[in-house]
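Below is one structure; the comments refer to it alone.
The values are calculated or read from the model by the stated rules, or taken from the named source; none is laboratory data. Nothing here was measured: the structure is a model prediction, and the numbers come from that model. Positions of Cβ are generated from backbone atoms using ideal geometry, with glycine treated the same way; all protein chains shown enter the neighbour counts. Heads up: the accessible areas ignore ligands, DNA and RNA and are worked out on the full protein's heavy atoms, side chains in. Shrake-Rupley method; radii C 1.70, N 1.55, O 1.52, S 1.80 Å.
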Amino acid sequence: MNSKRKIIVFLLAIDFCLLILAFLNLRLFSEKASLPTEYQAMINNFSFDVKNIYRKKQVIEFDGKEINKNGQLEFYLLSHKAKDTVNVKSIGADSEITTPKVILVNTYENYELAIMMVVTLFFFFTGVFILIKYRNNSFSFIIHALSVCTGIMIIFDWGDLITYGRSLNFIIFLLFEISIYMVPALFLHLSFTYPVKTKSKNIFFLSAVYCAAITFIVISCIQLVKIFFFNADINKLYYLNFHTTVADVFLVIVIILTIAKFEHSALSINDVTHKKQIYWALSGITFGPLIYVFLCLIPRILMGYELVSMVFMQFTTIVAPIMLLISVTHNKNEYQRMMTKL
């Protein structure tokens with residue numbers, strides 16, 4: 001068995017282990033807890049009318065714990081399951097403060113869980129298919145890593161902290177954090193290697209992005225170790241700041257840079273087939289990650305919530321791997337047609 005085949009077998013083994021962990025985390029989503037709708041942003045997926053998207057009640061205290069930063073409420077909910085009863089202090093649109101006992105509800109419907117599962121499996125399938133079929137191309141390893149990390153972003157989202165032990169929870173949380181920062185770096189890396197590799201002198205910029213991603217991952221890892229193994233108070237750590245604001249800003253910036261790099265490549269490459277490949281890839285990014293940037297990330301940074309539900313957004317991201325598959329296989333089809341003419 002040659003070295004490349006050993007690497008592929010090793011990567012496929014990792015994929016299999018990740019899918020097992022994904023199944024374990026998916027089980028948590030069936031009882032993942034959320035506050036009732038009056039405490040959530042009202043989202044109309046097909047309106048995009050900002051005036052109709054608002055919070056009816058703002059939570060300022062959850063079970064005696066003050067809420068004063070992004071992600072804090074979601075983290076506290078991880079210690080509960082749907083149908084648990086909790087004390088909530090909130091302020092309404094009329095500035096009236098209420099402190100009722102609230103019964104937590106399920107975060108996801110069954111159809112939403114099905115969508116998440118299908119989309120995740122399709123991303124894994126895309127990565128494995130391209131890795132095996134185009135193993136002699138360097139971009140196949142990048143696309144494989146990118147596809148798998150995107151699948152992890154979807155299926156390794158927070159479930160709860162009470163079903164599994166702290167070690168398994170730590171692994172799942174850490175993998176989720178790794179994927180959050182690696183996906184944008186891998187997207188940019190793809191733009192430097194696909195469909196043709198960029199000159200090495202231009203790679204230094206990519207190295208800076210990877211250094212930033214690794215730095216954020218290390219910081220998040222240290223914070224998670226403190227949370228899970230040293231019982232640190234999350235309010236005294238920077239974990240939520242990195243998980244929310246830093247991660248979102250990093251993804252927005254790098255995705256936009258990726259689109260700019262692909263567009264620059266399309267304008268500077270003379271080969272017609274390569275141009276078509278780039279524009280297929282750009283179409284996938286435009287209807288997948290770019291929509292995610294403008295309808296989820298930027299609104300979340302500016303307003304604190306998304307303009308569309310995350311499950312709806314995850315369903316639309318499936319366009320990206322479909323377009324990428326078309327882009328990669330397009331070159332082979334063009335080559336076959338040329339050979340037929342000859």
Burial ranking of peptide ranges 293-301, 320-328 (average Cβ count within 10 Å, highest at the top)
320-328, 293-301
Of the cross-linked pairs LYS81/LYS226; LYS6/LYS32; LYS32/LYS57; LYS133/LYS275, which ones have a Cα-Cα span greater than 29 Å in the structure shown?
LYS6/LYS32
Once the dipole of the chain is set up with Lys and Arg at +1 and Asp and Glu at -1 on Cβ about the Cα centre, which of ILE103, PHE139, LEU113 lies farthest towards its positive end?
PHE139
Tilt of helix 110-133 relative to the longest C-alpha principal axis of the chain, in degrees (0 to 90, nearest 10)?
30
Need the full-extension length gain, LYS275 to ILE91, defined as separation in residues times 0.36 nm minus the C-alpha distance. One decimal, nm.
60.8 nm
Per the helix-only model, the chain has a calculated mean residue ellipticity at 222 nm (DSSP H runs of ≥4, -39500 (n - 2.57) each, divided over all residues, rounded to the nearest 500) of -20000 deg cm²/dmol
Given Cβ point charges of +1 (Lys, Arg) and -1 (Asp, Glu) and nothing else, what value in debye, to the nearest 20, does the dipole of the chain about its Cα centre take?
1380
For helix 204-229, report the angle its Cα long axis makes with the longest principal axis of the Cα atoms of the chain; keep it between 0 and 90° and round to the nearest 10°.
30
Return the Rg/Rh ratio of the chain with Cα-based radii and a Kirkwood Rh.
1.00
If packing is taken as the average count of other Cβ atoms within 10 Å, what order do 172-178, 148-154 fall into, highest mean first?
148-154, 172-178
With a 1.4 Å probe and every protein chain kept in, tell me what percent of the accessible surface of the chain is carbon plus sulfur.
64
Under 5 Å between amide H atoms, partner at least 5 residues away or on a different chain: which partners does GLU61 have, H built in plane at 1.01 Å?
ILE67, LYS89
Report the equivalent ellipsoid semi-axes for the stretch 68-189 in whole Å, largest first, defined as the square roots of five times the eigenvalues of the gyration tensor built from alpha carbon atoms.
37, 15, 14
Determine the distance separating the Cα centre of the stretch 140-177 from the Cα centre of the stretch 116-130; give it in Å without decimals.
14
